[in-house]
Amino acid sequence: MMIAPATSAHTGQRIAAMRRFNRFYTRQIGLLDEGLLDSPFSLTQVRTLYELANSPQPTAGDLCRALGLDPGYLSRILAGFERKGLVEKRQSSDDARRSILRLTRKGRRVFEPLDAKSEDQVAAILGNISPAKQDSLLQAMRTIESILATGDEPQNSYVVRQHRPGDMGWVVRRHGLLYHEEYGYNERFEALVARIVAEFIENLDAARERCWIAERDGENVGSVFLVRKSQTVAKLRLLLVEPSARGLGIGRRLVSECIRFGHQVGYKKIMLWTQSELRAARSIYQKAGFKLAGQKPHQSGSRNDRVAETWELKL
């Protein structure tokens, strides 16, 4: 495709417009404040804390790629966090040459109020905009992201949000269809999912339970639930990613949201129940730090060779 060259006057106008938008946006979200979110941390430091809190078992290399930072600069940030007791390293169980990074308990106590303030800030902005204009705003953001993304960045962006009316029906329907098409489950499984989501809505403890929906281009493409089992134990349930959206890291992100929220509200352990044949999901759980706690033969539909598994993560 031929792109007509822009005149110098047009180029200058576009540069000025883009710089004007940058000034407007940074003012809107408070990036010009001395401390981001009324904290002693810079924007880059807060972004690093966010990646540490939401990435399953990240290495320094992973953070460099996610944040687009120079390794030396990131190393200085991480060294400062270590001196303050916010971050710790441990040797990878898969490769002794790799060091896994994670926030300490102190690090999570520092990060969680910042994360909550950031959510409140965005919620306040959206609260002044009608739902229709919110949709237009999000579409414009997706357009900017897709145009400016480099070749190394995924073009298929997505958002993760809490549930809203209509989502529960989607969760039940897509679980029923996908598990039938991919694994041969019958309508009894769909009925089980319907009971789980009905119980979630009817008995929702909003302070300690949550559902997240992944959305791409205005369409639901993933789900996960974290529900209360006891005062100290939560259950991760109904992780699903649409086939069209697999490979984008949505499953990892949804599980990370559960872990982050579990830490935030004070759970000590997260449990989940799955099937041994769900290899992609098992891999996500394992990489997030879950350990296999038990296996039991299980019959579902016309098959009696399935193996039910229980996995646990200590927080």
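The values are calculated or read from the model by the stated rules, or taken from the named source; none is laboratory data. These numbers were taken from a predicted model, which means no experiment stands behind them. So basically every Cβ, Gly included, is an ideal-geometry build from the backbone, and we count neighbours across all protein chains shown. For accessibility, only protein heavy atoms count, side chains too; no ligands or nucleic acids. Shrake-Rupley method; radii C 1.70, N 1.55, O 1.52, S 1.80 Å.
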Check: What percent does the relative contact order of the chain come to when contacts are Cα pairs within less than 8 Å and at least six residues apart?
Finding: 12 percent
Note to self: Can you tally the net charge around R253? Count Lys and Arg as +1, Asp and Glu as -1, for every other residue whose Cβ sits under 13 Å from the Cβ of R253.
What the structure shows: +3
Note to self: At 1.4 Å probe radius, can you tell me the per residue accessible area of the chain in Å²?
What the structure shows: 60 Å²
Checklist line | From phi via Karplus (6.51, -1.76, 1.60), per-residue ³J(HN,Hα) for segment 160-173 in Hz, x at Gly/Pro | finding: 10, 9, 7, 5, 8, x, x, 5, 5, x, 5, 4, 5, 4
Notebook entry, point to check: Loop-only check: which trypsin sites (Lys or Arg not before Pro) in segment 256-315 are DSSP coil with at most 15 other Cβ within 10 angstrom?
Noted result: K268
Check: Considering only DSSP beta bridges with both partners in segment 209-279, what is the antiparallel share in %, to the nearest 5?
Finding: 75 percent
Next item on the list: Nearest 5 is fine: what % of DSSP beta bridges in the chain come out antiparallel, could you say?
Entry: 90 percent
Item checked: Proximal lysines to K117, defined as alpha-carbon separation beneath 21 angstrom and excluding residues fewer than eight positions away on the same chain -> K106
Item checked: Of all accessible heavy-atom area on the chain, the percent that carbon and sulfur account for (1.4 Å) -> 51 percent
Next item on the list: Once you have a ≥ b ≥ c as the square roots of the Cα gyration tensor eigenvalues for segment 79-150, tell me rounded if a/c is under 1.5, and otherwise prolate or oblate according to whether a/b is larger than b/c.
Entry: oblate
Next item on the list: Answer rounded, prolate or oblate for segment 189-310, using the Cα gyration tensor with square roots of eigenvalues a ≥ b ≥ c: rounded when a/c is under 1.5, else prolate when a/b is larger than b/c, else oblate.
Entry: rounded
Note to self: If I stretch the segment between E242 and A293 completely, what's the gain in nm (0.36 nm per residue apart, minus their alpha carbon distance), one decimal?
What the structure shows: 15.6 nm
Notebook entry, point to check: Largest first, what is the accessible-area ranking of C211, C64 with a 1.4 Å probe?
Noted result: C64, C211
Margin query: Please compare each pair in K89/K296; K133/K287; K133/K269; K133/K235; K89/K235 to a cut-off of 30 Å on the Cα-Cα distance and tell me which ones are over it.
Written below: K89/K296; K133/K287; K133/K269; K133/K235
Next item on the list: Consider just the alpha-carbon atoms of segment 198-253 and return their Rg together with their Dmax, both in angstrom.
Entry: 12.8, 37
Check: If you rank S118, S136 by how much accessible surface each has, with a 1.4 Å probe, what is the order from largest down?
Finding: S136, S118
